[in-house]
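The values are calculated or read from the model by the stated rules, or taken from the named source; none is laboratory data. Not measured: the values here are computed from a predicted model. Cβ atoms come from the backbone with ideal geometry, glycine included; neighbour counts cover every protein chain shown. SASA here: full protein model, heavy atoms, side chains in, ligands and nucleic acids out. Shrake-Rupley method; radii C 1.70, N 1.55, O 1.52, S 1.80 Å.
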Amino acid sequence: MANGQHPIMKALRDWPKWLVAGLVLSLLLAPLLALLSQLGGQTQALHWPYVRSLVRFTLWQALLSTLLSAAIGLLLARMLARRSFHGRTLLLSWLDACFVMPSLVVVLAVVMTFRPSGSVGQFLGDGWRLYGLNGILLAHVFLETPLFVRVFLARLQQMPAGYLRQARLLGFNDWQMWRLLDWPAIKPALPSVLMMVFLLCLTSFTVVLSLGGGPRATTLEVAIYQALRFEFDPIQAVKLALLQLGLAASLSLLLLPALMRPLPASRSQQGLRPEGQRLSAYLQDALAWALLLLLWLWPIWVLLSNARWPLLVPLLQDPAYWQAVRSSLLLGLGSAGLTLVLSLVLLGGRGRLALLLSYGILLMPAVVLATGSFLLIWPLNPGAQLRLGLLILLNALLVMPFAVKMLRPAKLALTQAYGRQMQLLGMNLWQRWRWVYWPCLLPNLGQAFGLCFMLAIADLAATLLLATPQMNTLALMLYRLLGSHQLPLAIWLAFSLVVLGVLVNWAVQGMAKVWGAKRYGAGH
Amino acid sequence: MAQVIELATGLLEAKQLCYAREGQQWHYDFSLPAGKRMLITGVSGAGKSTLLDLLVGFVPASSGQLNFAGQNLAPLAVHQRPFSLLSQSDNVFLHLSVAQNLALGCHPSMRLTARQQQQRQQVAGSLGLLGLLDRPAARLSGGQQQRVALGRALLAAKPVLLLDEPFSALDEQTALDAQQLLLALQAEYGFSLLMVSHQVQAMLPLMDYRLDLQAGQASFSQL
């Protein structure tokens with residue numbers, strides 16, 4: 001070999017990566033096999049009309065949610081790209097926060113705002129029904145649009161300033177701007193973000209469970225849960241799970257080549273966009289602002305304004321509340337920490353393995369994972385400790401795609417900038433991490449940890465299946481209060497979840513900053 | 001000042017060295033004696049940077065031989081080969097301090113012996129970096145960053161320094177200063193030098209050899 005490296009030696013050197021990949025794969029597959037073993041000789045057929053309506057609704061709500069979020073995201077991103085105003089940065093941070101907002105908090109806000117007696121719902125006429133497709137779409141749009149805004153805005157802002165100057169000189173109108181500049185800029189990023197959001201909506205559990213409307217507005221994921229928990233029918237559950245898996249897998253296989261392709265990098269920052277002064281631009285931006293107010297600002301204001309102080313004191317004196325805080329904290333810290341370690345090992349090389357496994361995880365229904373794992377540990381007569389441990393493991397797995405999504409581009413950029421130097425200097429893996437990846441990725445690691453923590457404490461799918469009635473997390477408590485329509489008290493639980501997430505985010509990112517500055521100077 | 005860095009010396013030879021990609025072929029033939037300077041010229045796409053990648057080992061040769069001091073370089077990994085490389089940009093780690101960047105040249109673990117620390121001080125001194133040792137490289141000017149990279153290359157004590165238009169991103173005066181410094185150091189330390197440059201007329205009088213690349217073929221001449 002010209003470079004003095006034999007492929008077999010290289011594979012051997014990468015053993016930690018393959019070990020972790022094996023671990024993740026077995027964590028994904030073992031629960032599935034455990035469930036399959038329940039099938040035994042059973043050949044009872046599925047009730048097809050029911051399954052058909054399930055599949056249809058699952059795909060339909062995911063498709064509508066994705067397209068609506070993408071369209072609104074595009075509208076918002078273009079508005080943000082051409083306008084500078086006071087509070088723009090704040091608004092962007094707020095949208096980022098909405099993306100990681102625990103789904104149950106969003107559900108609560110949507111319910112309080114859009115129920116027929118709610119502040120917006122009362123204007124929507126007699127025919128308005130929140131539960132069902134409407135509620136699901138509202139919650140999904142709230143949660144997923146910010147991701148589109150981020151991706152689209154980044155693409156628009158990376159457009160070379162020269163293009164915009166030329167567009168101005170040539171007098172492009174809004175439509176030409178879109179067709180000749182914006183669309184080509186956004187297009188390469190589309191398959192991956194559309195697919196990600198589609199998969200998230202396809203396997204969405206919390207939102208559909210809380211806002212779905214009976215058997216006609218239920219997705220496969222929720223039907224699997226209902227089959228397991230209420231109908232005690234693991235066979236039906238396995239069949240539905242396989243169906244969902246097959247559905248999601250065949251859809252993503254179609255798009256896999258596009259998903260694995262790295263985005264073309266661009267550097268330049270943009271100048272002022274030329275089309276801001278036109279009437280059409282003002283109209284679009286007014287619509288963007290109206291949507292922002294209606295969907296992202298008003299519902300949260302409704303939550304804030306409905307908080308009742310007298311309810312807080314008894315809650316803070318309730319030992320069950322503090323037990324839930326403790327479990328949530330353990331769950332969040334454990335899952336986020338574990339997932340970062342696993343992702344970092346998997347991200348060795350170009351990180352394609354991490355990406356592939358991520359999509360595998362996104363495809364796997366969380367309730368299937370939880371149920372299968374539960375079957376596996378059942379013979380051990382699991383106590384609260386073991387259940388929490390399993391919850392941590394499962395959530396570490398479930399949030400890994402997000403960690404990979406955040407860390408991989410940053411690591412690839414570093415390899416691109418410094419890979420040759422590191423090779424020339426003969427730095428080994430440890431030295432590369434010690435001196436380059438670790439210090440440069442610290443801020444990204446802090447952010448990824450925060451995001452994973454937020455997602456893990458909001459988990460309901462795995463928690464609902466594994467928790468005992470005595471065991472509690474903040475999300476579980478909130479869900480139970482929602483179910484029993486104790487909305488005013490639920491608001492405080494929602495706040496607790498958000499405050500916990502914000503505090504941990506703040507602490508971790510602060511630590512990353514201080515540590516980075518102390519050890520490596522202020523250069524980064 | 002007494003010389004504290006010693007370099008192995010030897011003849012660098014490329015014999016019918018060939019690189020093929022996408023139906024195109026590049027051939028290189030030259031032999032550069034120890035301590036000499038060679039200018040590599042040619043239009044864009046003539047294969048100048050490809051030659052440097054071949055030498056360093058970033059890309060494998062399709063055929064031919066590459067020797068240094070009689071030893072075949074083909075089986076050696078990138079860091080085992082006798083080359084340091086300076087490109088237009090991305091030569092230093094921006095988040096590390098000047099001292100740390102230099103230390104990486106001595107050893108990638110950054111654990112330096114007393115002798116290596118002395119070497120680092122000496123090199124920092126001769127490059128005018130002594131006052132900047134604690135500063136992160138991100139807060140240096142482009143010219144200072146290239147000096148750090150040069151210092152690190154010296155500390156790595158590789159007998160051949162490859163330069164890929166290292167000063168093209170600098171302003172005229174800074175580039176001129178850096179170039180003079182480079183040639184002074186070359187005379188002092190005695191490493192061989194291969195430089196890709198578009199400033200043929202300005203550079204030729206300073207060089208010993210020229211390798212001109214045209215249509216995939218190299219013509220090697222002594223100046």
Out of A:SER117, A:GLN176, A:SER210 - ranked by how far each Cα lies towards the positive end of the dipole of region A:45-302, with unit charges on the beta-carbon of charged residues - the top one is A:GLN176
With A:LEU424 itself left out, Lys, Arg at +1 and Asp, Glu at -1 over residues whose Cβ is under 15 Å from its Cβ give +2
For region B:45-97, dividing by residue count, accessible area per residue (probe 1.4 Å) in Å² works out to 34 Å²
Averaged over the residues of A:412-423, the number of partner chain Cβ atoms within 10 Å of each residue's own Cβ comes to 4
Treating only Lys and Arg (+1) and Asp and Glu (-1) as charged, each at its beta carbon, one finds that the protein assembly as shown has a dipole about its Cα centre, in Debye to the nearest 20, of 360 debye
Carbon/sulfur accessible area of region B:15-168, % of total, 1.4 Å probe, equals 45 percent
Taking region A:45-302, the whole-percent share of alpha-carbon pairs separated by over 31 angstrom is 34 percent
Here, A:LEU46 and B:HIS198, labelled 7 Å along Cα→Cβ, have an inter-label distance in nm of 6.3 nm
Links exceeding 22 Å between C-alpha atoms in this model, out of A:LYS17/A:LYS411; A:LYS17/A:LYS405; A:LYS17/A:LYS187; A:LYS411/B:LYS158, come to A:LYS17/A:LYS187; A:LYS411/B:LYS158
Expressed per residue, the solvent accessible area of region A:45-302 in Å² (1.4 Å probe) is about 45 Å²
SASA check, B:HIS79, accessible area w/ 1.4 Å probe, all protein chains in place, rounded to nearest 10 Å², comes out at 80 Å²
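If a helix is a whole DSSP H run, which ones in chain A reach 24 Å or further along their own axis (Cα) and hold a mean Kyte-Doolittle hydropathy of at least 0.5?
On the way: long enough: A:15-39 (35 Å, 1.65); A:48-82 (51 Å, 0.98); A:133-157 (34 Å, 1.21); A:234-260 (36 Å, 1.68); A:319-346 (40 Å, 1.26); A:384-424 (52 Å, 0.80); A:438-457 (28 Å, 1.39); A:487-520 (48 Å, 1.16).
What comes out of the filter, once short or polar helices are dropped, is A:15-39, A:48-82, A:133-157, A:234-260, A:319-346, A:384-424, A:438-457, A:487-520.
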Interface buried area A-B, accessible surface with 1.4 Å probe, both sides summed, nearest 100 Å², comes to 2400 Å²
Percent of all alpha-carbon pairs of chain A at distances over 46 Å, whole number, is 14 percent
Calculated from DSSP helices alone, with each H run of at least 4 adding -39500 (n - 2.57) and the total divided by the residues of chain A, [θ]222 nm to the nearest 500 comes to -24000 deg cm²/dmol
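How many percent of the accessible area of chain A is carbon or sulfur, using a 1.4 Å probe?
The computed percentage sits at 68.
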If every Lys and Arg gets +1 and every Asp and Glu gets -1 at its Cβ, then about the Cα centre chain B yields a dipole, in debye to the nearest 20, of 560 debye
Straight-line reach check, B:LYS15, cutoff 17 Å on alpha carbons, 8 or more apart in-chain or any other chain, hits among lysines -> B:LYS48
Percent antiparallel among DSSP beta bridges confined to the protein assembly as shown, rounded to 5, stands at 55 percent
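What average count of beta carbons from other chains do you get within 10 Å of the Cβ of residues in B:73-80?
For this peptide, the per-residue mean of nearby foreign Cβ atoms is 5.
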For the pair B:GLN117 and A:GLN317, the simple spin-label estimate (label points 7 Å beyond Cα toward Cβ) gives in nm 6.4 nm
Note, A:TYR131: beta-carbon cut-off 14 Å, +1 each Lys/Arg, -1 each Asp/Glu, net +3
Summing -39500 (n - 2.57) over every DSSP H run of at least 4 residues in chain B and dividing by its residue count gives a helix-only mean residue ellipticity at 222 nm, to the nearest 500 deg cm²/dmol, of -9000 deg cm²/dmol
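Do any chymotrypsin sites (Phe, Trp or Tyr not before Pro) in region A:46-117 lie in a DSSP loop with no more than 16 other beta carbon atoms within 10 Å, and if so, which?
In loop regions of region A:46-117 (DSSP not H, G, I, E or B), the sparsely surrounded chymotrypsin sites (Phe, Trp or Tyr not before Pro) are A:PHE85.
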Computed curve, region B:55-136, Cα-only Debye sum without solvent term, log₁₀ I(q)/I(0) at 0.10, 0.13, 0.20 Å⁻¹, is -0.35, -0.56, -0.98
